[in-house]
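The values are calculated or read from the model by the stated rules, or taken from the named source; none is laboratory data. This one's a predicted model, so the numbers in the text were calculated from it and none came from an experiment. No Cβ is skipped: glycine too gets one built from the backbone with ideal geometry, and neighbour counts run over all protein chains shown. With ligands, DNA and RNA removed, areas are computed over all heavy atoms of the protein, side chains included. Shrake-Rupley method; radii C 1.70, N 1.55, O 1.52, S 1.80 Å.
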Amino acid sequence: MEDKKRVVPDRRKGKRKKKKVNTALGVVSKVLKTVGTVVLSVFLIVIITSCIFATVLTIYVLNFADTTSTVSLERVAESNISRFVYTNPNYDEKDPNSKQYELYYAIRNTSKHVLWVDIENIPQYTQDCFVYSEDERFYEHDGVDFKRTIGAFVNIFLPIYPGRQGGSTITQQTIKNVTGDDTRTGIKGIERKIREIFRTINVEKVNRKEDILQCYLNVIPLGTYEYDIIGVQAAANYYFGKDVKDLTLGESAALAAMTTAPAAYNPIEDPKENYIRRKVCLNKLLENGAISDEEYEQALNEKLTLVGNFDYSSASVYDDETRDFGASDYFMDEAWSEAEQRIAEYYGVSEEEASTKLSDGGFTVYTTVDREMQKKLEANMQNPANFLNYTIESDTILSAAIAVDYTGCVKAVVGGRGKKEQSRTFNIATDGMRSPGSCIKPIASYAPAVDNNLIMWSTRINDKPITIKNAQGKDEQWPVNYTDYGGNNWSYKDMYVWQMLSQSKNTCPAQLVEKLTPAYCANFLKEKLDITTLQDADFSAYSGVTVGGFTAGLHLSELVGAYMIFGNGGRKYDLSFVSSIEDAQGKVIYEKSDGFKQAISEDSAYVMNRLMQKVVTDPSGTGTNAKLVTTDLVAKTGTSSSWEDLTFVGCTPDFVSGVWIGYDNHKTIPTGYYKNSDALWKAMFGEMAENEPDKEFDMPDSVVKAKYCTATGLVASKTCGATAEGYFKKSQLGNVCSH
């Protein structure tokens, strides 16, 4: 028998196959787990990121909601005029017919036509033309059509339809036109849209639909490439030579057809395109049952009679504001410039852009002018009799004057002698830079010296020069004392401070500047008194801060403004020709600050006030020709070298004023003697000062009138023989004479 071999199954093969299957299942399992983990991780990341984004977006949006104020819709586009007004001195708040403000000057945009019309004077079909063309759900929604708004958001980043108007409702368009907030692209476009949405919600809460539509129809641009035509009343005037209340349905549809691109689609520039869009507008009215088939056909086939007369106006809204105001006066020039500056600061634009905004109209600028004072000052400046002492046949004497109250409000200014023929010309008072001469002494040396207790009323100072280095580096005795006769001798006698100031001796301020240093005095002028014309050399040289010999000179306006500290307790306010500005909605965009710098202490200011009174009241004072009969006057005369500039600054209880006179080419003024500036000041301001309501300055409790020893200049003791009276800080009363 054959031996049968037992077949042993190869278990290794079987086992190997099973292992392969198990390995495949493991790989699949691992892949599935990995994919699941990744998917879950991505899902969680998306959820977390979405939550973070939603939170940030919510906070971002809520920030806009918190900071967005309600937009006022009251007569926001009344005209193309910006009004400059002044306070009516005869205003009686109990009299309903009394005006608080009077019109001073009006600036018109001669390329812009704006007229307000109330909703009751706009035909219903005119209203419907705009509503059904622009926002047919206007009366149903709450101001925002979110479907259209989301589409507009997408269009910001994916401009699939570049020419698309966007998702703005009539309310949103109104707010955009009222505020001028019209950024369309990028992040700023989103921010603007968010602001617009919340403003819209607020406006819809507090206004009726009729009020919103009324504003919309008055602010919508409907102009040409050449002219800005704002609102349906102005558009009816320009295109059809009639009031909006007299428009036909076809004419109304022609205006509503322009809204997307007025310059391109108006019936004068492109009658064919206007007709196409007019038909779309009328179709909308027909679809919504606003007009009948017969009205539709009649309006569609109506032949329009176009006028295109920009000067036509059937309204009387302008009254006397449309008259030609002629050349603006010097005050108005300055108010105009300041208004542009303030508008530029508020809107963050250039002054050129601010000028355009102002001339576009809608602003009300409240000026600080005293209209009667301005008129009188102009008349006095144009009176040849006031300048007979200064005549040179070959040249014309120039002059300027300005008055400021004690809070920095300019009341009147004249920057030239002749009648002003043009607007915004050179103003000597604000633009000119001339030497103030000795008018610099009270503010550059005496005031800081009194405030630092270096001197008091009766301090005795020797009339002698100081030694300085001249241009060649050699020692020089300086300065000389100028007199009526041009003498330059020093007396080397002791004089009281009040005598030094009243007689305008140059030696006393030179000695004070030497103690204080020129740098200190120049910095006092710059930092405390807002003098802007100082040059680098003026901070080390003696001439400027001692006798007014500055590198470039000073503006008369800044010099007079600095003197306010002697009548208001040492406070320096900013000068301003404008007290406040309102935009077209009545929102205050600028208001003059009541903040001030305490340049010197109240007691120092009053002691200086009394010292300067001696300039006018003492027989040897340089300003005696300016003395008033009923009103207190404290002042200082100023004469530059060779008598090329004469200046006088005077403080009365209600205002501080100054006058300058000289020649454009720096000639010597032929007055015969240098005191003529005081007489000129009196001719300019004397009558006005005498009529002030207040007659005397109030003395603070920190100052006393006391006796001093004439021998030592110290506060007199009981044993002093000869005494005189002066004004002292209470803190100085310890400086008692030991005689």
Sole residue being within 18 Å of G549 (Cβ to Cβ) and surrounded by fewer than 21 Cβ atoms within 10 Å (Cβ to Cβ), chosen from E687, E696, E692, E644: E644
Residue pairs meeting the criteria (Cβ under 8 Å; at least 6 apart or on separate chains; first closer than 9 Å to R83 by Cβ and among the β-branched types (V, I, T), in region 99-111; second open to solvent by 30 Å² or more (accessible area, probe 1.4 Å) and not in a strand (DSSP E or B)): I107/W336; I107/S359
Pairs, first within 13 Å of I455 (Cα to Cα) in region 489-503, second modelled with pLDDT of 95 or more and assigned to a helix (DSSP H, G or I), C-beta under 6 Å, six or more apart: W498/L611; W498/K614; M500/C508; L501/L611
Qualifying positions in region 222-237 - touching a Gly at 6+ places or on another chain (Cβ under 9 Å), assigned to a helix (DSSP H, G or I) and either over 16 Å from L304 (Cα atoms) or open to solvent by 20 Å² or more (accessible area, probe 1.4 Å) (or both): A234
Among (1) part of a loop (DSSP other than H, G, I, E, B); (2) touching a helix residue (DSSP H, G or I) at 6+ places or on another chain (Cβ under 7 Å); (3) open to solvent by less than 50 Å² (accessible area, probe 1.4 Å), the one test that A401 misses: (1)
Any hit, region 707-730, residues being part of a strand (DSSP E or B), crowded, with 19+ Cβ neighbours inside 10 Å and among the small types (G, A, S): yes
Positions within region 408-426 being of a type outside the set (A, V, I, L, M, F, W, C) and touching a Lys or Arg at 6+ places or on another chain (Cβ under 8 Å), in sequence order: G408
Region 480-503, subset at pLDDT 95 or above and within 47 Å of the chain's Cα centre (by Cα), residue surrounded by the fewest Cβ atoms within 10 Å (Cβ to Cβ): Q503
Qualifying residue in region 625-634 (condition: over 25 Å from K667 (Cα atoms), in a strand (DSSP E or B) and either among the small types (G, A, S) or in contact with a Cys (Cβ under 9 Å, 6 or more places away or on another chain) (or both)): yes
Qualifying residue in region 383-396 (condition: open to solvent by 30 Å² or more (accessible area, probe 1.4 Å), in a helix (DSSP H, G or I) and in contact (Cβ under 8 Å) with a residue 12 or more places away in the chain): yes
All positions within region 523-558 that are of a type in the set (A, V, I, L, M, F, W, C) and without any contact (Cβ under 8 Å) to a residue 40 or more places away in the chain: I531, L534, A537, F539, A541
Every residue from region 600-624 that is surrounded by fewer than 23 Cβ atoms within 10 Å (Cβ to Cβ) and part of a loop (DSSP other than H, G, I, E, B): S601, D618, P619, S620
Residue list for region 415-450, filter: assigned to a helix (DSSP H, G or I) and open to solvent by 10 Å² or more (accessible area, probe 1.4 Å): S438
Members of region 555-593 found to be modelled with pLDDT of 95 or more, in a loop (DSSP other than H, G, I, E, B) and not aromatic (F, W, Y), listed by number: H555, G567, N568, G569, G570, D574, L575, K592, S593
All strands (runs of 3 or more DSSP E) inside region 65-158 with 1 or more residues being surrounded by 12 or more Cβ atoms within 10 Å (Cβ to Cβ), among the acidic types (D, E) and at pLDDT 90 or above: 101-108
Selection within region 723-739 - closer than 25 Å to M612 by Cβ and of a type in the set (A, V, I, L, M): A724, L733
Candidates T652, T630, filtered to the one that is open to solvent by 20 Å² or more (accessible area, probe 1.4 Å) and out of contact with any Gly (no Cβ under 6 Å at 6 or more places or on another chain): T630
